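The block underneath contains the structure these notes are about, expressed in structure tokens.
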Amino acid sequence: MQIPYNGSMMKNFIVFAWILLFSFTIWASERNKMFLMQVRQFSTKKESVDYAHKQIKDENSSFRIDAVEFIREIKDVDSIPLLQEYVNDRDINTFVIYALGDLQAFEATSVLIELLNHSNPNVRGNAFAALGKIYPLHLPQGYAYKEPETRRNRQIKKIKLWWDKSGLTLQKNYQRDLHSDQQAKEALWEKYGKKYLMDSSH
């Protein structure tokens, strides 16, 4: 039996969807404020980062996404090994992958390439975007995360061949814009970390 089109029902559904989205946005904003209130209690970068790591590791924490975003915002490259452990965590993996791209995590290249064939298209798309941030001048183009699997696989094969051929050289000579020496890390904390906490307090 064909169900007749009901304009009123559709309008009510759209209104409900907007209310739901608005409520989620408000909840996410309040949750982030609560997370930052906790972080501001610490006097050092190490204490703040350790707290963020603890939230990421705790599967029951409501601050896991906020913690990943905090690591990304303060440009903490020392957190890259931890983030790599959570690229397959369904609750936070899209945020983790986005953070790896922003942190120019060349150490995670092989992991990101494997994610190009992930079952979740958002994960695939974020993985390719992250690789593009890490290797803007070298990454082979042509991959599209929404393409049929056979086409994706052809492009993934090209990317893997590129990495097999050039990966060692690229990693050896890679110069992250976010420098990794201790003095530069402290400068990043001063520039991004403290500024992020101050800006978020308003």
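The values are calculated or read from the model by the stated rules, or taken from the named source; none is laboratory data. Just so it is clear, the structure is predicted and the values come from calculations on it, not from any experiment. Positions of Cβ are backbone-derived with ideal geometry, glycine not excepted, and every protein chain shown enters the neighbour counts.
Of the residues Thr109, Thr150, which single one is among the polar types (S, T, N, Q) and surrounded by 18 or more Cβ atoms within 10 Å (Cβ to Cβ)?
On inspection, the qualifying residue turns out to be Thr109.
Conditions first: (1) surrounded by 22 or more Cβ atoms within 10 Å (Cβ to Cβ); (2) under 27 Å from Gln171 (Cβ atoms). Glu69 passes all but one, so which condition is the exception?
The one condition Glu69 does not meet is (1).
Given (1) at pLDDT 95 or above; (2) in a helix (DSSP H, G or I), identify the lone condition not met by Lys185.
(1)
Do you know which residues across the range 145-180 are without any contact (Cβ under 8 Å) to a residue 40 or more places away in the chain and of a type in the set (Phe, Trp, Tyr)?
Tyr145, Trp162
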